[in-house]
Amino acid sequence: MKTIDYREGLLKRLRNQQYATKLLKHSFEESCRDGNWETFGIVLQDVISAQGNTRSFAKKARVSRAHLYRIFGKNANPTLNTLLPILESLGIRLTLSSDLEGRKKAA
C-alpha cells in the first residue's frame, strides 16, 4: 500500500482558495473565542507555505520576513495592521458580522 505524506497532502489542499479560506476562518474564530493565537498562526503559516516561498510571500505582503515568522510563534498576537496585508496577499478579505442575526433565527 502506498503511503501519502500528510504535510504534502495538506499543502496541496491549502492551494485551493476556498479550503484555505474556510480553515483560516475557523481557526480565526476559535482564536477569538479562546485567546490562543498559536493555532491560527500555524494555519496561517501552512496556507502561506502552500503558496510557495515564505520570503517572496513576505515581500508580496509588504511585511518583513521576521515579522511574518513572529506571527507564527507561540505567543503571537497579530495586529490588524499586520494581518490585513497578509490576508489581502492571499486573496482573503476579513469581514465582520453581527451575532444578533444568528440569535434572531434561533429564537
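The values are calculated or read from the model by the stated rules, or taken from the named source; none is laboratory data. Just so it is clear, the structure is predicted and the values come from calculations on it, not from any experiment. With ideal geometry, Cβ positions are generated from the backbone for all residues, glycine too; neighbour counts draw on all protein chains shown. Note: areas computed on protein heavy atoms with side chains; ligands, DNA, RNA excluded. Shrake-Rupley method; radii C 1.70, N 1.55, O 1.52, S 1.80 Å.
When the residues of segment 1-15 are narrowed to those that are part of a helix (DSSP H, G or I), under 21 Å from Tyr69 (Cα atoms) and in contact (Cβ under 8 Å) with a residue 12 or more places away in the chain, which ends up least open to solvent (accessible area, probe 1.4 Å)?
Among residues in segment 1-15 that are part of a helix (DSSP H, G or I), under 21 Å from Tyr69 (Cα atoms) and in contact (Cβ under 8 Å) with a residue 12 or more places away in the chain, the one least open to solvent (accessible area, probe 1.4 Å) is Leu14.
Only one of Gln45, Gln18 is in a helix (DSSP H, G or I), over 20 Å from Pro85 (Cβ atoms) and among the polar types (S, T, N, Q). Can you tell me which?
Gln18
Any residue in segment 70-83 that's free of Cβ contacts under 8 Å to residues at least 12 places away in the same chain: show its pairings with residues that are surrounded by 12 or more Cβ atoms within 10 Å (Cβ to Cβ) and not small (Gly, Ala, Ser) at Cβ separation under 7 Å, as long as the two are six or more apart or on different chains.
Nothing qualifies.
When segment 48-59 is examined, which residues are found to be surrounded by fewer than 15 Cβ atoms within 10 Å (Cβ to Cβ) and either of a type in the set (Asp, Glu) or closer than 11 Å to Ile86 by Cα (or both)?
Lys59
Restricting to segment 77-96, what's the tally of residues that are under 21 Å from Tyr19 (Cβ atoms) and either modelled with pLDDT under 85 or among the hydroxyl-bearing types (Ser, Thr, Tyr) (or both)?
Selection size over segment 77-96: 2.
Here is a list: Asn75, Asn36. Which entry is farther than 23 Å from Arg13 by Cα and either open to solvent by less than 100 Å² (accessible area, probe 1.4 Å) or part of a helix (DSSP H, G or I) (or both)? Don't jump to the end; show me each part of the working.
On the way: Asn75 fails: either open to solvent by less than 100 Å² (accessible area, probe 1.4 Å) or part of a helix (DSSP H, G or I) (or both).
That would be Asn36, the only listed residue that is farther than 23 Å from Arg13 by Cα and either open to solvent by less than 100 Å² (accessible area, probe 1.4 Å) or part of a helix (DSSP H, G or I) (or both).
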